[in-house]
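The structure appears right after this line, and notes come after that.
No lab work stands behind these numbers, since they all come straight from the coordinates. Since we're looking at a predicted model, the values are computed, not measured. In this analysis, Cβ positions are derived from the backbone assuming ideal geometry, glycine residues included, and neighbour counts consider all displayed protein chains.
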Amino acid sequence: MEMKAVKHLISVAATALCVVAEAAHLYMAGDSIMTDYRPQEWPQYGWGQALRSFMKDPAALHNFARSGWSARRFRESGRWEKCIASKLRPGDWVIVSFGHNDMNKRRNKPPKNDYSTIDEYKAFLKGFAADVKAKGANIAFATSIAHSKGFTEKDCVMTVDGGATGLGAYVAAMREVAAELKTPLLDLHRYAEENLPKLGLAKAKALYMFIKPGEYANYPKGKNDAAHVCDRGAFFYAKGAVEMAREQGLSLVELLKEPGSVAFVPVVLPCGEAEE
């Protein structure tokens, strides 16, 4: 009887461990490059939104990124604590990606108090990491994607200066914090610099929100946005994040599909029929 009882306890414990592993969740904190967009904003898309296509269980991804927000506002508004830190359990993952708004010196007063010096930005990142690790969860930083104003092409050779708008200093700061804390880094910025030239300038810019008038019903006057990506661009960067997670052997990949098995599927909205 005693042996049967021991075996039963072992079985229960093993089952509990499996449940914990299966119940791991992925939380995302970031800005408009990562956030979810509504159908009436299509084809604009966030790479966190596109990452759901790579999840074994899309419901396990919780994207709390907000357009226009910085690391400072995410922390000081209470959104970090309410939406992410208070919900973390051992084994969960958090991906943090800021930079685009943190560098904006014009946004330094409430309610849009987003600007941070490099040292302040580093402190916010370190604070996020400390909170996550205190919960027994895992964190990865993701650098900002490349800004397309730094895309050039000469003699059919494309080069990418993703930090051309001043973003580079904040990308470098995140890299430094990741190295100091020995925290995983999904370097989307470098991924862009290494992989976009393979596409060529025209195809690379087609990943961003450069829209001709009349091309999409949601943007009848067109749009000329060098910072944000469309659904195809979001897929490009989400796939890059998955590939880097696999290369680094992160346990995060247990939540993800093999990237080669996921095909890009455009959001289906008939041309000329903007969704209400």
### Query
By a straight-distance test (C-alpha under 25 Å), which lysines pair with Lys154 as possible cross-link partners, with residues fewer than eight away in the same chain excluded?
Lys198, Lys203, Lys205, Lys212
## Note on the structure
For Thr165 and Ser261, extending 7 Å from Cα along the Cα-Cβ vector and measuring point to point gives, in nm, a value of 3.6 nm
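When Lys and Arg each count +1 and Asp and Glu each count -1, what net charge do the other residues less than 14 Å away from Gly30, Cβ to Cβ, add up to?
Numbers: positive: Arg66, Arg72, Arg73, Arg75, Arg79; negative: Asp31, Asp36, Asp102, Asp114.
Here the count lands on +1.
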### Query
Which FRET efficiency value, to the nearest 0.05, do you get for Arg38 and Ala59 by plugging their Cβ-Cβ distance into 1/(1 + (r/R0)^6) with R0 = 22 Å?
0.70
### Task
Give me the number: length gained by fully extending Ser86 to Thr117, i.e. 0.36 nm times residue separation minus the C-alpha to C-alpha distance, one decimal in nm.
8.4 nm
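For the chain, give the share of DSSP beta bridges that are antiparallel, in percent and rounded to the nearest 5; count only bridges with both residues there. Please list the in-between numbers first.
Details: 13 of 27 bridges.
Once the DSSP bridges in the chain are tallied, antiparallel ones form about 50 percent.
With r defined as the distance between the Cβ atoms of Cys156 and Lys221 and R0 fixed at 22 Å, what FRET efficiency is calculated, to the nearest 0.05? Write down the numbers at each step before the final one.
Numbers: r = 32 Å, r/R0 = 1.47.
The pair Cys156/Lys221 has a calculated efficiency of 0.10.
At 222 nm, what value in deg cm²/dmol follows for the chain if DSSP H runs of at least 4 each add -39500 (n - 2.57) and the sum is divided by all its residues, to the nearest 500?
Values: 8 runs with 96 residues, N = 276.
Estimated from H runs of four or more residues: -11000 deg cm²/dmol.
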### Task
Please tell me which of these pairs span more than 23 angstrom C-alpha to C-alpha: Lys87/Lys133; Lys56/Lys126; Lys87/Lys126; Lys126/Lys182?
Lys56/Lys126
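What does the charge count near Lys82 come to, summing +1 for each Lys or Arg and -1 for each Asp or Glu among other residues with Cβ under 14 Å from its Cβ?
Details: positive: Arg66, Arg73, Arg75, Arg79, Lys87; negative: Glu76, Glu81, Asp131.
Around Lys82, the charge tally is +2.
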## Note on the structure
Semi-axes (Å, rounded, descending) of the ellipsoid equivalent to the chain per its C-alpha gyration tensor are 34, 23, 19
### Task
Would you mind telling me which residue in Ser144, Ser86, Ser70 has the biggest mean-square fluctuation in a Gaussian network model of the chain, where springs connect alpha carbons within a distance under 10 angstrom?
Ser86
### Query
Looking at the range 177-228, what % of the alpha carbon pairs are farther apart than 14 Å?
66 percent
